[in-house]
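Below is one structure; the comments refer to it alone.
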Amino acid sequence: MTIILIIVGLVLLAVGGDVLVRGAVAVSERMGVSPLLAGLTIVGFGTSMPELVTSLFAAFDGAPGIAVGNVVGSNIANILLILGISALILPLAIDPAAFRRDGLALAVATLACLGAVTLGVLSRPVGLVLLALLVVYIVWAYRSEKLQPDAEAAMHEHVVADVKPEGMSLIAALGLAAVGIIGTIIGARLLVDGAIEIARDFGVTETVIGLTVVAIGTSLPELVACVIAALRRHADVALGNVIGSNIYNVLGILGMTAVVHPIEVPAEIAAFDIWVLLGVTALLGLFLRTGWTLKRWEGGVFLAIYVTYIAYLTL
């Protein structure tokens, strides 16, 4: 029964997250929001909604391993699993100008995550600092791209174009977004309940479940979006989805969770997993700097590291 609960939760999260993003983007278009602003805010928040709802449920249920492990594990999975699969489908050649600022923002967000985790407690002041950094990033990106449109602005607009439903009325778009929100909430509730139950039944720590099953589950919308982008040969969209999601996961999801319900950070995440996240983020930067293409063999390296990481956690 527990396994069925988790599977149903994962399916609802994957479908709900994708439907939510498409509905929210359609609503923004009908309300006259620019594709640039929609790409910076709506898509980022939408793809991170599964992580947010799941972490909040886990925090209120007294499961900090799932709440924090979900975010750290999702960011690791986004880089190693999702970009690994995407690069195997299509080598991701990118314009370096399109990721200059967002790459810097990702580095700052990852270091902020390291600092927050090593404090041992995600308190409300820490959460407010993370949220403030997210606001600074959005304002900085929007103002700079609005004043002088460049490759980064085009990338954010491409992300919106890839998920925007065509010819949808405002009522239909609102309904689609509402269905996505409901599906995401129900899926997150089922996933957290199932994860806590399976941890108790099999004697696995909640932290390991959060870093693996829950993290992969909440990353499914990004996986779907990136695989579709790779199949369409939209390398900038695939990479932009992952970088944007990782920024929002740390600054937005951890920040909001800490403000709503402060939580203690499991010692094992502070001792090991956060350093894995720092290392794989640095490795992504290194791979991109070598020719500004994430090659198939580099995608294979990402997947091999991820399999090794999951095996280490579970064994």
Open item on the list: Only one of 88, 104 is free of Cβ contacts under 8 Å to residues at least 40 places away in the same chain, of a type in the set (A, V, I, L, M, F, W, C) and surrounded by fewer than 24 Cβ atoms within 10 Å (Cβ to Cβ). Can you tell me which?
Closed with: 104
Task: Breaking point among (1) surrounded by fewer than 23 Cβ atoms within 10 Å (Cβ to Cβ); (2) modelled with pLDDT under 95, for residue 275 - done: (2)
- [ ] Sort out which residues of the stretch 259-296 are free of Cβ contacts under 8 Å to residues at least 24 places away in the same chain, farther than 22 Å from residue 103 by Cα and not aliphatic (A, V, I, L, M), and write them in order of number.
- [x] 272
Task: Qualifying residues in the stretch 302-315 (those that are farther than 17 Å from residue 238 by Cβ and aliphatic (A, V, I, L, M)) - the one surrounded by the fewest Cβ atoms within 10 Å (Cβ to Cβ) - done: 315
Task: Neighbours by Cβ (under 8 Å, 6+ apart or cross-chain): first from the stretch 227-251, within 16 Å of residue 292 (Cβ to Cβ) and at pLDDT 85 or above; second of a type in the set (Asp, Glu) and part of a helix (DSSP H, G or I) - done: 242/222; 243/102
Task: So residue 68, is it touching a strand residue (DSSP E or B) at 6+ places or on another chain (Cβ under 8 Å), part of a helix (DSSP H, G or I) and surrounded by 20 or more Cβ atoms within 10 Å (Cβ to Cβ) - done: yes
Task: Residues located in the stretch 184-214, provided they are small (Gly, Ala, Ser), part of a helix (DSSP H, G or I) and modelled with pLDDT under 85 - done: 199
TODO: Scan the stretch 175-189 for residues that are under 30 Å from residue 67 (Cβ atoms) and either over 19 Å from the mean Cα position of the chain (by Cα) or among the β-branched types (Val, Ile, Thr) (or both) and report the count.
DONE: 8
- [ ] Working carefully through the options 98, 132, find the one that is part of a helix (DSSP H, G or I), at pLDDT below 95 and farther than 17 Å from residue 263 by Cβ.
- [x] 98
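The values are calculated or read from the model by the stated rules, or taken from the named source; none is laboratory data. Just so we're clear, the structure is a prediction, and the values are computed from it rather than from any experiment. Neighbour counts run over all protein chains shown; Cβ positions are idealised from the backbone, glycine included.
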